[in-house]
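K.L.:
Before I ask anything, let me first share the structure, which is written out below as structure tokens.
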Amino acid sequence: MRKQQYAIGVDYGTDSVRSIIADTATGEEIASAVYYYPRWKQGLYCDPSESRFRQHPQDYIEGLEQTIQACLQKAGAGIAAQVCAIGVDTTGSSPVAVDESGQPLALSPAFAKNPNAMFVLWKDHTSVGEAAEINQHAGRFDTNYLQYVGGIYSSEWFWAKLLHILRADEAVRKACHSWVEHCDWIPFLLTGGKHISELKRGVCAAGHKGLWSEVFDGYPPNEFFTGLDPLLNGYVNTLGKHTYTSDQPAGTLSKEWAQRLGLPETVVVAVGAFDAHMGAVGGQIEPYHLSKVMGTSTCDILVAPKKDLEGNTVKGICGQVDGSVIPGLLGLEAGQSAFGDTYAWFRNMLIKPMRELLQQSGMEDSEKTIQYLDEQLVPHLSRQAAALPLAENDELALDWFNGRRTPDANQYLKSSLHGLDLATDAARIFKSLVEATCFGARSIVERFREEGVEVKGLIGLGGVAKKSPYIMQVMSNVMNMPIRVHKSEQTCALGAAMFAATAAGVYGKVEDAMQHMGQGFDTTYFPQTNTVAHYNARYRRYREAGAFTEQHTKKQ
């Protein structure tokens, strides 16, 4: 009999970090814990009006320690000794400036409150100008260095963010030695890395956001970057040529972190990756089934055999990278820059003035009232929207509240509402927002198909998929496809645990870990056939409204 072993999966989201302990034989979750970033919750270091979203590394460190400790305490005595590995996923691209030792600059007193020395979160769009320069610059080379990232470089990604920070902050520029993704830094931290040359960079982040490719023998040459801006001179040389899949170990726990967490030093730490890529594995992705991780934004993942796409690159997506999801298969990534964020924006817009008035009133139980509104407004609007009749000329929205990620990245784009009149109420606007996010999702599926990549089915993962039946039913109707929703509440963390178990040698390949540790599906939404023609017509109007908005959007 195999000795009972456990793997820890750590999932860094936008608002919080979640850790789970999973049985490597069955995938059963025996403990979980969540830590909400206190600095982020206070809105520190962010300015939404400038699309600046930064996170302090101390939030990440505190969350790592506290969630794993809490999990071990809940799991009970003796479990710590049976933990064999830790896997980590994070949002991305969320890079940070580090010194030669690999320490983020914000962890030093001189930069402790400098947003430019912190992690530049995926949703930060301060580098739209730099992304545009990269796209223009890449066209001057015989080698198409953008071919594996959909042909368009985004302001959400690695190099655009680095260039913006170097230009914006002289002090950070002088102290910065290299630029590191969050998903690569956490394993480096846990294994006690002391020099940036020891850091193992995952192929997931490097390939989808950093322009790394085997075809280029690594990253584009230094001349590519210095030709863009001399400030980038030498940075590519700090990244190394090699990348690693997440079924490989980054090392074992350092003595310091073993003591801090209460775990053995023999615990293997897997190479990190982005949340949606590990979430797709936790959600038991299959070739040509689009895995949709639906949270604040969406990340859509598809895997395919390399031979099927040989010589074919899909335009306008976030890349196709060998081994970025499942080693041995191509991982294709797309997504929307705002999904849950769209609903959160509408909820906050309605509740904020009420919150302010209630707080000013001094009324008894005002805080309870605010909390009730926060929790119940979206479910209430969902019920009202579901009851509304469908008409082709209903209010129409675009889902570009944080720009457009795919197809064809453009962070200059803004959302818009069409067809409002004096009968328009909150439920009708909410309905238009739900339809817009679903239409945005459909445009991704249609781009894959236009580029010759079949989409056989849809898999729903994440908070929206689990908690919002109305949104999921509209999604199925708009797509005219069934959507299976995975049982696990924590597919990203479970995927991280699967990779951890594989890196520790419990399984020979991640597919075996998926088979044994996967939890299966608990709900399937089927399209309501009587709505298909309606949503086809509405989708055409969405495309027309988008074309009009894009034509009249000026780059600032």
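Values in this text are rule-based calculations from the coordinates and carry no lab data. The structure displayed is predicted, hence computed values, not measured ones. Please note: Cβ atoms are built from the backbone with ideal geometry, for glycine as well, and neighbour counts cover all protein chains shown.
K.L.:
For an R0 of 45 angstrom, estimate the FRET efficiency from the Cβ-Cβ distance between residue 361 and residue 449 and round to the nearest 0.05.
P.N.:
Numbers: r = 54 Å, r/R0 = 1.21.
My answer for the efficiency is 0.25.
K.L.:
Of the lysine pairs in region 354-512, how many meet both conditions: Cα atoms under 27 Å apart, and a spacing of 8 or more in sequence or different chains?
P.N.:
Taking the Cα cut-off of 27 Å, the pair count is 13.
K.L.:
Another question about this same structure. For a paramagnetic label modelled at 7 Å from the Cα of residue 65 toward its Cβ, which residues of region 82-116 fall within the zone defined by backbone nitrogen distances under 15 Å?
P.N.:
Answer for this model: 107-108.
K.L.:
Using only Cα atoms, what Kirkwood radius does region 367-422 have, in angstroms? The partial results should precede the final answer.
P.N.:
Numbers: mean 1/r = 0.0703 Å⁻¹.
That comes to 14.2 Å for region 367-422.
K.L.:
Here's another thing I want to ask about it. Treating cross-link reach as a plain straight distance, find the lysines whose alpha-carbon is under 29 Å from the alpha-carbon of residue 174, omitting any fewer than eight places away in the same chain.
P.N.:
Excluding near neighbours in sequence, the set is 113, 123, 161, 194, 200, 209, 241.
K.L.:
Work out, step by step, the length gained on full extension between residue 36 and residue 376: first 0.36 nm times the residue separation, then minus their alpha carbon distance; give nm to one decimal.
P.N.:
Numbers: separation 340, 0.36 × 340 = 122.40 nm, distance 2.07 nm.
Stretched out fully, the residue 36 to residue 376 stretch lengthens by 120.3 nm.
K.L.:
Which value, to two decimals, describes the C-alpha radius of gyration of region 63-203 once divided by 2.2 N^0.38 Å?
P.N.:
Taking the Cα Rg and dividing by 2.2 N^0.38 Å, one obtains 1.25.
K.L.:
Please sort by residue number the trypsin sites (Lys or Arg not before Pro) in region 403-445 whose DSSP state is loop and whose Cβ has at most 11 other Cβ atoms within 10 Å.
P.N.:
Numbers: sites: 404, 405, 414, 428, 431, 442; in loops: 405, 414.
For trypsin sites (Lys or Arg not before Pro) across region 403-445 that sit outside H, G, I, E and B with at most 11 neighbouring Cβ atoms in 10 Å, the list is empty.
K.L.:
In addition: Please find the FRET efficiency linking residue 238 to residue 387, where r is the Cβ-Cβ separation and R0 is fixed at 56 Å, and quote it to the nearest 0.05.
P.N.:
0.45
K.L.:
Give the value in nm², to one decimal: projected area of the alpha carbon convex hull of region 320-398, averaged over all directions. Please list the in-between numbers first.
P.N.:
Values: hull surface 37.0 nm².
Taking a quarter of the hull surface, the average projection is 9.3 nm².
K.L.:
Another question, if that's okay. About the Cα centre of the chain, what is the dipole size in debye to 20, counting +1 per Lys and Arg Cβ and -1 per Asp and Glu Cβ, all else neutral?
P.N.:
Numbers: 51 positive and 62 negative charges, 56 e Å.
Approximately 260 debye in magnitude.
K.L.:
Ignoring everything except DSSP H segments at least 4 long, calculate the 222 nm mean residue ellipticity for the chain; use -39,500 (n - 2.57) per segment, divide by total residues, nearest 500. Show your work: numbers first, answer last.
P.N.:
Working: 18 runs with 215 residues, N = 556.
Value at 222 nm, helices only: -12000 deg cm²/dmol.
K.L.:
For the chain, what is the relative contact order in percent, using Cα pairs closer than 8 Å and at least 6 residues apart in sequence?
P.N.:
Numbers: 1221 pairs, mean separation 93.5, N = 556.
Value for the chain: 17 percent.
K.L.:
Ok, one more. Using the beta-carbon distance between residue 173 and residue 26 and R0 = 41 Å, what value does 1/(1 + (r/R0)^6) give for FRET efficiency, to the nearest 0.05? All intermediate terms of the calculation are to be shown ahead of the outcome.
P.N.:
Values: r = 50 Å, r/R0 = 1.22.
The calculated FRET efficiency here is 0.25.
K.L.:
Something else now. Under a point spin-label approximation (7 Å from Cα along Cα-to-Cβ), what is the residue 142-residue 420 distance to one decimal in nm?
P.N.:
Going by the 7 Å Cα→Cβ label model, 5.5 nm.
K.L.:
I would also like to ask the following. Relative contact order of region 20-116: what whole-number percent is it, with Cα pairs under 8 angstrom and at least 6 residues apart?
P.N.:
Details: 82 pairs, mean separation 26.6, N = 97.
Reported as a whole number, the value is 27 percent.
K.L.:
Could I ask something else about it? Can you give the extra length, in nm with one decimal, that the chain gains between residue 533 and residue 260 once fully stretched, where that is 0.36 nm per residue apart less the Cα-Cα distance?
P.N.:
On the way: separation 273, 0.36 × 273 = 98.28 nm, distance 5.82 nm.
Length gained between residue 533 and residue 260: 92.5 nm.
K.L.:
Going through region 157-224, which trypsin sites (Lys or Arg not before Pro) have at most 14 other Cβ atoms within 10 Å and a DSSP loop state? Numbers along the way, then the final one.
P.N.:
Working: sites: 161, 167, 173, 174, 194, 200, 201, 209; in loops: 194, 200, 201.
Filter output for region 157-224: 194.
K.L.:
Looking at 396, 344, 312, which one has the Cα that reaches farthest to the positive end of the dipole of region 304-410 (charges on Cβ: Lys, Arg +1; Asp, Glu -1)?
P.N.:
Among 396, 344, 312, the one farthest towards the positive end of the dipole of region 304-410 is 312.
K.L.:
If you don't mind, another one. With the crude spin-label approximation of a point 7 Å out along Cα→Cβ, what separation in nm comes out for residue 547 versus residue 16?
P.N.:
Each label point lies 7 Å from its Cα, and together they span 4.4 nm.
K.L.:
Only bridges whose two residues both fall in the chain count here: according to DSSP, what percent of them are antiparallel, nearest 5?
P.N.:
Values: 48 of 68 bridges.
If we restrict to bridges inside the chain, about 70 percent are antiparallel.
K.L.:
Can you tell me how much longer the chain between residue 50 and residue 81 gets when fully stretched, taken as 0.36 nm per residue apart minus their C-alpha distance, in nm with one decimal?
P.N.:
Numbers: separation 31, 0.36 × 31 = 11.16 nm, distance 4.75 nm.
Taking 0.36 nm per residue and subtracting the Cα distance, the gain is 6.4 nm.
K.L.:
Under 14 Å from a point placed 7 Å out from the Cα of residue 135 along the Cα-to-Cβ direction: which residues of region 282-318 have their backbone N that close?
P.N.:
Those under the cut-off are 315-318.
K.L.:
Based on the alpha carbons, how large is the Rg to Rh ratio for the chain when Rh follows Kirkwood?
P.N.:
On the way: Rg = 22.8 Å, Rh = 23.9 Å.
Taking Rg over the Kirkwood Rh, I get 0.95.
K.L.:
Under 18 Å Cα to Cα from residue 3, which aspartates and glutamates show up? Leave out anything in the same chain fewer than 8 places away.
P.N.:
Qualifying aspartates and glutamates at Cα under 18 Å: 23, 28, 29, 512.
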